[in-house]
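Each remark here refers to the structure printed beneath this line.
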Amino acid sequence: MNTKIPAFLILFFLALSVQAQNSIQGRLLDANDQNPLEYANVGVYSARDSSMQTGTITGADGTFSIEKLPKGSYYIEAQFMGYELSRTKALEINKGDQINIGTLYLQPHQELLDEVEVNGKGFTTMHKIDRQVFDAGSFQSAQGGNATDVLRNLPSVSINAEGDIAVRGTSGFVVMLNGKPVQSDPKMILGQIPANSIENIEVVTAPSAKYDPEGKAGIINILTKSGSIDGTFLQVNGKLGAPSIQNYDNKENPQRYGGDFTLNHRQDKWDISLGASYSRNDLAGRREGNVYTIIGDTTTYFPSDGERSFVEKAYSGRFTVGYTPNVNNNFSMGFYAGKRTKDRTADILYYDNHADVNGEEIYSMQYYNENLRIRRGDFILGSLDYTHQFENKAKLSSSFLYEHTMLGGPTTNRNLGYPDTDYVYQDEYNTNDNPLHGVRFQTDYTAAPGALGTFEAGYQFRNLNHTGDFVYERKNNDTGEWELIPEFSSNVDLSRQIHSAYGLLSGDKGPWTYSAGLRIEYMNRELDLRDKAALVDTTYLYDFVKPFPSASLQYAFSDDLTMRAAYSKRIQRTTTFKMNPFPEREHSETLEQGDPTLLPEFIDLTELGINKDFGDHSVYATAYYSHINNLVNRVNTVYNDTILNRIYSNVGTGTSIGLEAGAEVYPTSWWKIFAGGNIYNYHIKGSFNDNPIDNDSWVYSINANTSFDISSSLSVQWTLNYLSARNTAQGEDSQFYSPNLTVRKTFLDGRLTTTLQWLNMDMGLLNTNEQRITTWNEGSFYTTTNYVYEVDMIMLNVSFSFNQLKNKSKFIKSEFGESEF
């Protein structure tokens, strides 16, 4: 293994300015009895973008002092348990100013709660210089579900029938949980996070150099519910699904139920969170297909129809403890353990399998394929984090995460006679064991603000070791013995090390806000393969040293009109599965195969956006251009007359140019409309297997909802998620859409919430929750498959909070293993 560490990994911005001793002083008192409030929270926020700059707590006499503030415009927020928040007007701080704001009087908290209930109106979307922030509680159809159900409502996000998530048409993105980066498969991570625990979701499409460049579509940051007051919070959630309304002729009826709880206790220096969840979330469905292959002068047809359903179970336990000995230091430690299984049944009847030569049929037969793929994953994770705030307001933070994951699961594939299914043509079985070890260490330093702004620098190390033992056996019908099939069996060992360092300068001057940074990354990848038949080892090496620059600029024409521009360079790394060249038989007609020389994708993204507020209403639009080198697509070749081989390959380049737009409008005080859409032209150019690829198409998606507040405790919301047809390297995916209706009712002053959901509305009138996938290669093959999944699903969700305090639970999530599940 090449383990050298290049000498370039040093920090490269080192010029900070010394600031005058600016300060703000004041005092907090109880508005009723005039007593001083000790240990109250005081925060200083930028008047331009509401970002928190620094903070402190009050002393025994209620006084506070905040020093060394750079020149600028700020406001103060003060809050304490049992009292409403108090905010000052904007304060202009110049060099050498020492401002005393006098006494702030805090009112009892209940008055604020009553006022918000009657008059409060919050935005679904908030726009910042580098991200969009969405309020998860605005999407009622997601309640009782998971983070994926929240995401499907965001303007830039689309989700197809298989549950694949794309941001602006791109499936590669990184998930962060409470600001912690995780390198994992988004679909599986987001499916593990209960929607009830999410406060906000941030979409960062052009991240700065501060963040790992992983993810060609940027970052999705999940923020769990949080608060700043001491006390104990306990929330219990449960969900139950009604039996299926429509019959899909599946062997078993789907079941949907589950529950989770979150317990959070904050007192003085300690913050302790405990959580557990269980979910059973089955999905009924069918698959209708028509395929033909051409080999020489022989054309083979094998149309099919049958069950395609899922049984999904997941349960987990999580524990986090935080300790803040003083205002300058914070420690946190977290553990997570979980198990989940996802069983896919694909029992397919090939009812007219035949071949012909020049139109003359040479044979015909029918057979029944009984296929069950079980995918499981067991996780144990641990993390340790530390943050130190220096007296000059500089900050140092570090984070360590370790993960051990065991992945695997068998696939049973049996080709049987039909209608006599007792006759066995082929009985095959494959399994794999995939232990994974992952380590991530990261340290970041934020200097005290200088004349040019705030300088940040950091270093990150990541190490992944993933092994796989893939065994494929076929039962000998004469002897009854299981025999190894060498061409489908292998050992795989992937090791990947990444070192990266970054520097970032950001600040504001007048109406301008800016950020510029550079990240340098060194990656070393080693892939070892062993052929189980020949017992021959082959090693594939790949490494690089590359820069990843970023820049953003925002101009505020006024408080309610801003324009911004941004650039970011990204990378999309390949998973072990996509690099294993030994085919894996998914079902009767399909093999899946990787490429050990697969190169990562490199992405250049540029965007220009504008945001405008009109009182309670808001609109925004962002134009973007993305160019992808080494584009990875799944392409098909003919393995034999009735089997297609799906291969992951670098097929060339992909470019997207598009426009994302959204609006939030209140036609009346009780009616809200939130709608967003994305339209882009996607162009793929390259080649595969000596065949040129050059196609493009216009793709658009719409995510919209409208809400009606019948009363202060009763609301109704209707949602539509729509994705148009779109091109692939060898074909087209059809449109996909899903309308949903929810009714939410609260009781007991908001502590008890019930939500009745009608998901995937269809009523036999629409083609809801189904999608046709078509691929072809002239003179070689044609395949079209329609996936028809369950509609008109009725769910009841109940949530109960044992007190009115907000939840501040922050749990760790998988860093490495999710990408291979």
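The values are calculated or read from the model by the stated rules, or taken from the named source; none is laboratory data. Treat the numbers as computed from the prediction; the structure is a model and nothing was measured. Neighbour counts are summed over all protein chains in view; Cβ atoms, including those assigned to glycine, are modelled from backbone coordinates with ideal geometry.
Points worth noting:
- Meets criteria (more than 24 Å from Gly458 (Cα to Cα), modelled with pLDDT under 80 and not assigned by TED's automatic domain parsing to the domain that holds Thr513) for Ala47: no
- The set of residues in region 638-670 being more than 30 Å from Gly609 (Cα to Cα) and β-branched (Val, Ile, Thr) consists of Val638, Thr642, Ile643, Ile647, Val651.
- If you go through region 236-262 and keep only what is among the hydrophobic types (A, V, I, L, M, F, W, C) and either free of Cβ contacts under 8 Å to residues at least 60 places away in the same chain or under 30 Å from Arg308 (Cα atoms) (or both), you end up with Leu240, Ala242, Ile245, Phe261.
- Set side by side, the residues Asp537, Asp560, Asp528, Asp595 differ, and just one is of a type in the set (Asp, Glu) and either within 30 Å of Ala623 (Cα to Cα) or in contact (Cβ under 8 Å) with a residue 60 or more places away in the chain (or both), which is Asp560.
- Residue in region 531-551 that is touching a strand residue (DSSP E or B) at 6+ places or on another chain (Cβ under 9 Å), closer than 30 Å to Phe441 by Cβ and of a type in the set (Gly, Ala, Ser) present: yes
- Residues located in region 428-443, provided they are closer than 25 Å to Phe470 by Cα and surrounded by fewer than 18 Cβ atoms within 10 Å (Cβ to Cβ): Tyr429, Thr431, Asp433, Pro435, His437, Val439
- Cβ-Cβ distances below 9 Å connect the following pairs, each with a first residue in region 647-676 that is assigned by TED's automatic domain parsing to the domain that holds Phe708 and on the phi > 0 side of the Ramachandran plot, a second residue that is outside any strand (DSSP E or B) and not polar (S, T, N, Q), and a separation of six or more residues or different chains: Gly652/Ala729.
- Pairs where the first residue, in region 684-700, is over 14 Å from Leu631 (Cα atoms) and the second is basic (Lys, Arg) and surrounded by 14 or more Cβ atoms within 10 Å (Cβ to Cβ), C-beta under 7 Å, 6+ apart: Ser697/Arg726; Val699/Arg726
- Search result, residues across region 396-420 that are over 29 Å from Glu312 (Cα atoms) and either of a type in the set (A, V, I, L, M) or modelled with pLDDT under 90 (or both): Leu396
- Residue in region 281-292 that is outside any strand (DSSP E or B) and in contact with a Pro (Cβ under 6 Å, 6 or more places away or on another chain) present: yes
- Lone qualifier among Thr576, Thr653, Thr668, Thr622 - being out of contact with any strand residue (DSSP E or B) (no Cβ under 6 Å at 6 or more places or on another chain) and among the polar types (S, T, N, Q): Thr668
- Complete set of residues in region 456-506 that are closer than 30 Å to His437 by Cβ and hydroxyl-bearing (Ser, Thr, Tyr): Tyr459, Thr467, Tyr472, Ser489, Ser490, Ser495, Ser500, Tyr502
- Comparison of Arg340, Arg318 shows that the only residue that is more than 18 Å from Glu589 (Cα to Cα), touching a helix residue (DSSP H, G or I) at 6+ places or on another chain (Cβ under 9 Å) and not small (Gly, Ala, Ser) is Arg340.
- Any hit, region 285-304, residues being among the basic types (Lys, Arg), touching a residue at least 12 places away in the same chain (Cβ under 8 Å) and closer than 19 Å to Asp792 by Cα: yes
- Residue match in region 254-271 (condition: part of a strand (DSSP E or B) and among the β-branched types (Val, Ile, Thr)): yes
- Taking first residues from region 412-432 that are in the same structural domain as Ser304 (by TED's automatic domain parsing) and farther than 20 Å from Asn491 by Cα and partners that are small (Gly, Ala, Ser) and part of a strand (DSSP E or B), the Cβ contacts under 6 Å between residues at least 6 apart in sequence or on separate chains come to Tyr423/Gly417.
Yes or no, residue by residue, for (1) hydroxyl-bearing (Ser, Thr, Tyr); (2) in a strand (DSSP E or B); (3) not assigned by TED's automatic domain parsing to the domain that holds Thr298:
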position: Asn727; (1), (2), (3): no, yes, no
position: Glu732; (1), (2), (3): no, yes, no
position: Val743; (1), (2), (3): no, yes, no
position: Thr746; (1), (2), (3): yes, yes, no
position: Asp749; (1), (2), (3): no, no, no
position: Thr754; (1), (2), (3): yes, yes, no
position: Asp762; (1), (2), (3): no, no, no
position: Thr768; (1), (2), (3): yes, no, no
position: Tyr782; (1), (2), (3): yes, yes, no
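- Residue within region 236-246 that is out of contact with any Leu (no Cβ under 9 Å at 6 or more places or on another chain), part of a strand (DSSP E or B) and surrounded by fewer than 23 Cβ atoms within 10 Å (Cβ to Cβ) present: yes
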